[in-house]
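Okay, so here's the structure we're looking at.
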Amino acid sequence: MRVLVRGAGDLASGILHKLANCGFELVALEVEHPSSIRRWVSFSEAVYRGSCEIEGVTAVRVDSFAEAKEAFSRHQIAVMVDPEAMLLKTERFDAVVDAIIAKRNLGTRIDMAPVVIGVGPGFEAGKDCHYVVETKRGHHLGRIYTSGCAIPNTGIPGDIQGFSIQRVVHSPYAGEMCCLHQIGDIVKEGEPLALVGGQPVKATMDGLLRGILPDGYPVTVKLKMADIDPRTDQVKNCNTISDKARCIAGGVLEAILRGYPV
């Protein structure tokens with residue numbers, strides 16, 4: 001089966017990784033400047049570096065569907081800059097998965113493929129897509145909805161050891177990003193993580209820097225730019241797919257294999 005996935009951030013990459021290991025031919029669509037924070041576990045890095053590997057699965061940037069088919073022959077994921085999904089005008093896919101995680105629908109339609117899946121809030125099963133997969137942590141994480149919507153976005157990050165909002169760093173400035181720390185570093189509250197437009201953006205808590213935007217990224221005001229984990233002994237979490245992403249990926253895989261809902 002051939003599947004198109006909109007988005008290649010960390011949650012989308014968990015989906016892509018599982019589908020790749022199940023033998024699907026995969027194209028992931030991204031924007032020209034992906035804003036994935038957890039870059040070590042995001043296939044969107046292929047946009048910047050040409051290729052990347054996550055837990056034994058390789059993705060390569062391609063500029064045409066002919067190049068994508070070459071990637072399929074090497075059992076690789078093809079990553080293409082195509083935020084509007086123009087590829088669907090010329091190529092057919094067995095399923096389309098919107099895993100942009102924008103909390104709103106950025107143009108995915110139920111007629112894009114025999115099976116269309118929306119990941120997270122912003123989609124209505126039976127209207128925008130055939131299935132919606134829940135992304136909110138808790139009892140329903142990974143659940144498949146055949147009607148209705150996922151749980152609405154609260155805007156509050158998940159709790160880790162009593163830390164929630166503090167874990168996510170948003171830039172108070174606009175400008176070009178210059179990293180002062182790298183993913184995997186241990187940082188202290190108040191310590192500068194990066195310069196944005198020449199202004200220091202500081203750590204909001206002590207912990208492990210689990211994700212940060214790349215050098216040179218054009219940051220806008222209030223953009224999420226870093227992620228801090230209070231568990232400083234969990235460095236391995238920086239380069240392995242999260243439990244949340246794996247659970248969501250299982251829901252997407254099941255939805256694809258269910259086929260068109262009757």
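The values are calculated or read from the model by the stated rules, or taken from the named source; none is laboratory data. None of the values given here were measured: they were computed from a predicted structure. Every residue, glycine among them, receives a Cβ derived from its backbone with ideal geometry; neighbour counts consider all protein chains shown. Ligands, DNA and RNA are excluded from the accessible area calculation, which covers all protein heavy atoms including side chains. Shrake-Rupley method; radii C 1.70, N 1.55, O 1.52, S 1.80 Å.
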Please get the size of the charge dipole for the chain, origin at its Cα centre, with Cβ charges of +1 on Lys and Arg and -1 on Asp and Glu, quoted in debye to the nearest 20.
-> 520
Once phi is turned into θ = phi - 60°, what whole-Hz ³J(HN,Hα) does the Karplus curve with 6.51, -1.76 and 1.60 give for every residue of the stretch 2-18, x standing for Gly and Pro?
-> 10, 10, 9, 10, 7, x, 8, x, 5, 6, 4, 5, x, 5, 4, 4, 5
List the residues whose amide H sits under 5 Å from the amide H of residue 129, counting only those 5 or more places along or on another chain, with H placed 1.01 Å from N in the peptide plane.
-> 124
Which of these values of Kirkwood radius over Cα pairs in Å was calculated from the structure shown: [x] 18.7; [y] 19.7; [z] 17.8?
-> [x]
Normalised by the residues of the stretch 123-262, what does the relative contact order come to in percent, with Cα pairs under 8 Å and at least six apart?
-> 24
Beta bridges by DSSP in the chain, antiparallel share as percent, to the nearest 5 = 50
Just read off the accessible area of residue 109 with the full protein assembly in place, 1.4 Å probe, to the nearest 10 Å².
-> 120
Interchain or sequence-distant (5+) residues whose placed amide H lies within less than 5 Å of the amide H of residue 6 are 29, 97, 98, 99
Which residues' amide hydrogens lie under 5 Å from the amide hydrogen of residue 51, considering only partners 5 or more residues apart or on another chain, with H built in the peptide plane?
-> 61
Of all GluC sites (Glu not before Pro) in the stretch 38-69, the ones in DSSP coil with at most 13 other Cβ atoms within 10 Å are 55
Report the net charge of residues surrounding residue 185, where surrounding means a beta-carbon distance below 13 angstrom and charges are Lys +1, Arg +1, Asp -1, Glu -1.
-> -2
Could you count how many Lys pairs in the stretch 90-243 have their Cα atoms under 18 Å apart, skipping same-chain pairs fewer than 8 positions apart?
-> 7
